[in-house]
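Note sheet for the following structure.
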Amino acid sequence: MSLAIDQWYTRRQKDAEGDFYRKIVLQSPQNNVNATTQGLFLATPDGKLLGFTNNRSPEWVRAMLKKGLTGFTPGEAELLTNPKPDPNFTYRLPEGGLILTATSKVLKGYEKPASLEAGFFQNSLGRDVLWVRKDEHQALVRGDVMKSFQKRMAKFNLIDNTRGEPHPWQDAEVKQVEMTIKDGVLTGTAHLETANGDRGYKAELRGYVEVRDGKLTKFNLVSRGEAWGYSGCTEAAHPKDKFMLAVAFRIAPGTDEADKVMPQGAKSWFPDYMR
Amino acid sequence: MTALLLTLLLGMQDGLSDADCRKLHDSLKPPAAELWRNIPWKVSLLEAQNLAAKEKKALFIWSMDGNPLGCG
């Protein structure tokens, strides 16, 4: 059974799920739960560690799985329950809300990749979601784009996340964002920039919105423009000069496991994210 | 005046046309056949543990800073 998680949440959860995760990682070399516990773990359903590696090469992972599974005897295990999920680290989409997916890509501006890994980064697609409140959803149905929605999208999704976790834009770094809908066509512009100008994005937005029976059935939006700089984990193999960044939004189909992932921007302070 | 007109024309060419927008939007859709997405990942530890217990399978956890399916 394969599980993909953001350990930033799980190792902090003060609930049965967090306890189960910590039980596994404490048996591994990655046993300091006050720091990152990232890695690849193999465990029995009752939480006995069978294997661990923090090397993502296929050879290392295959070897870890092969070795770990030799020590695995399928047997009975209790089903984990989590009657009181820790609300500080298990966020829920507000009732009546909507999930949009956001995918990003650097279209041009890279130099020739210096390594195989840099080549992967240059071609990678950043992925995230954007959670929309009920009132914002209803406004879109009416053809309005609420400022809170525009700001959330700008701060957390009009961003280069193609090489890892970036720092979200701060309020003061949202220099301008404007979106309007007319006859089902959404157009807009955005300007995001740090105070010292070392990172920025100036983009044009265009997309199509469709409503049927009072529900949003299409939200296909693209943002494209010139970006520069890097932040957080996106420093590795970053473009040296200005680059063309695009971000696309669409309604999450709800059939993909990735649709359930919590928004990256909600990390740290969920109420602030949904504000 | 000529420089201004040229700037305006170039600016228009750089803008997102209807065709550009649709083409770009399609190109940013995650490919349907990515090898790593063929693995039936779960994102809920609770759900994955319950399934592993019921099916008597081991639990493989890809634990990262940022969810591998949804960040970066």
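Brief remarks on what is shown
- Stretch gain in nm, segment A:SER124-A:GLU95, where the contour uses 0.36 nm per residue and the Cα spacing is subtracted: 7.2 nm
- Backbone HN-Hα couplings from phi across segment A:26-34 [Karplus 6.51/-1.76/1.60, Hz, Gly and Pro as x]: 5, 8, 9, x, 8, 9, 9, 7, 8
- For segment A:1-37, accessible area lost to neighbouring protein chains reaches 50 Å² or more, against the chain alone with a 1.4 Å probe, at A:MET1, A:SER2, A:LEU3, A:ALA4, A:ILE5, A:GLU17.
- Carbon + sulfur, % of accessible area of segment A:1-111 - ligands and nucleic acids excluded, 1.4 Å: 53 percent
- Out-of-range pairs (alpha-carbon distance over 20 Å; input A:LYS105/B:LYS23; A:LYS147/A:LYS175; A:LYS105/A:LYS147; A:LYS155/A:LYS240): A:LYS105/A:LYS147; A:LYS155/A:LYS240
- For A:ARG142 and B:ASP18, a Förster radius of 30 Å and the Cβ-Cβ distance give a FRET efficiency of 0.80, rounded to the nearest 0.05.
- Segment B:34-70-segment A:222-249 distance, computed between alpha-carbon centres (Å): 30 Å
- You can think of it this way: the chain between A:MET244 and A:ASP135 has 36.0 nm of extra reach, that is 0.36 nm per residue less the Cα-Cα gap.
- For chain A: accessible area per residue (Å², 1.4 Å): 49 Å²
- Using the Cβ-Cβ distance between A:TRP60 and A:THR189 with R0 set to 30 Å, the FRET efficiency from 1/(1 + (r/R0)^6) comes to roughly 0.05.
- Highest-fluctuation residue, A:THR90, A:THR180, A:THR70 considered, GNM on chain A with Cα pairs under 10 Å: A:THR70
- Approximating the spin labels as points 7 Å out from Cα along Cα→Cβ, the A:LYS48-to-A:LYS14 distance works out to 3.2 nm.
- Dimensions (Å) - segment A:105-248, Cα atoms, principal axes, largest first: 52, 31, 21
- Evaluated at q = 0.07, 0.16 Å⁻¹, a Debye calculation over the C-alpha positions of chain A (equal weights, vacuum) places log10 I(q)/I(0) at -0.31, -1.27.
- Range of Cα positions in segment A:28-80 per principal axis (Å), largest first: 30, 29, 14
- Distance in nm between pseudo-label sites at A:VAL33 and A:GLN170 (7 Å out along the Cβ direction from Cα): 3.3 nm
- Crossing angle, helix A:147-157 versus chain A [Cα axis fit, 0-90 degrees, rounded to tens]: 50 degrees
- The interface between chain B and chain A buries about 5600 Å² of solvent-accessible area in total (1.4 Å probe, ligands and nucleic acids excluded).
- Of all DSSP-defined beta bridges confined to chain A, some 100% are antiparallel rather than parallel.
- GNM flexibility winner over chain A from A:GLY265, A:GLY71, A:GLY119 (Cα, springs under 10 Å): A:GLY71
- Residues of type lysines that A:LYS67 reaches as a straight line, Cα spacing below 28 Å, ignoring anything fewer than 8 places off in the same chain: A:LYS23, A:LYS48, B:LYS42, B:LYS54, B:LYS56, B:LYS57
The values are calculated or read from the model by the stated rules, or taken from the named source; none is laboratory data. None of the values given here were measured: they were computed from a predicted structure. Don't worry about glycine lacking a Cβ; one is built from the backbone with ideal geometry, like all the others, and counts go over all protein chains shown. What goes into the accessible areas is simple: the full protein's heavy atoms, side chains included, and nothing from ligands, DNA or RNA. Shrake-Rupley method; radii C 1.70, N 1.55, O 1.52, S 1.80 Å.
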